[in-house]
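Notes follow once the structure below has been shown.
Readers should treat all values here as calculations from the given coordinates under stated rules, not as data from a laboratory. Small disclaimer: the values here were computed from a predicted structure and weren't measured. Every residue, glycine as well, gets a Cβ built from its backbone with ideal geometry; the counts of neighbours run over all protein chains shown.
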Amino acid sequence: MAVYRISELRNMSTAELGKKLEELNLALLEEGEGNPKKNREIRKAIARIKTIQNETKKA
């Protein structure tokens with residue numbers, strides 16, 4: 001699982017962000033409780049995407 005940087009996410013369109021969010025949610029479900037470190041990275045990426053989506057809604 002790649003770590004998404006804020007600068008990379010800010011350059012994506014809202015459709016691309018939505019697609020990435022769906023992919024990460026599925027990855028989180030598939031991982032289950034296998035690898036805590038990987039789950040943490042996925043949750044952080046989800047939080048970054050949601051933060052950017054909220055920032056674009058307010059702007």
For the chain, what is the mean residue ellipticity at 222 nm derived from helices alone (per DSSP H run of n ≥ 4: -39500 (n - 2.57); sum divided by total residues; nearest 500 deg cm²/dmol)? -25500 deg cm²/dmol
Would you kindly derive the ³J(HN,Hα) couplings of the range 33-43 from the backbone phi angles with the Karplus curve 6.51 cos²θ - 1.76 cosθ + 1.60 (θ = phi - 60°), listing them in order in whole Hz, with x for Gly and Pro? 10, x, 10, x, 5, 5, 4, 5, 5, 5, 5
Mean separation of Cα pairs under 8 Å and 6+ residues apart, divided by the residue count of the chain: what relative contact order is that in percent? 46
Could you give the dipole magnitude of the range 6-58 about its Cα centre, charging the beta-carbon of Lys and Arg +1 and that of Asp and Glu -1, in debye to the nearest 20? 320
Tell me the label only: which of (i) 44; (ii) 71; (iii) 108 is volume of the Cα convex hull per residue in Å³ as calculated from this structure? (ii)
What are the lysines whose alpha-carbon lies under 19 Å from the alpha-carbon of Lys38, with same-chain residues fewer than 8 places away excluded? Lys20, Lys50
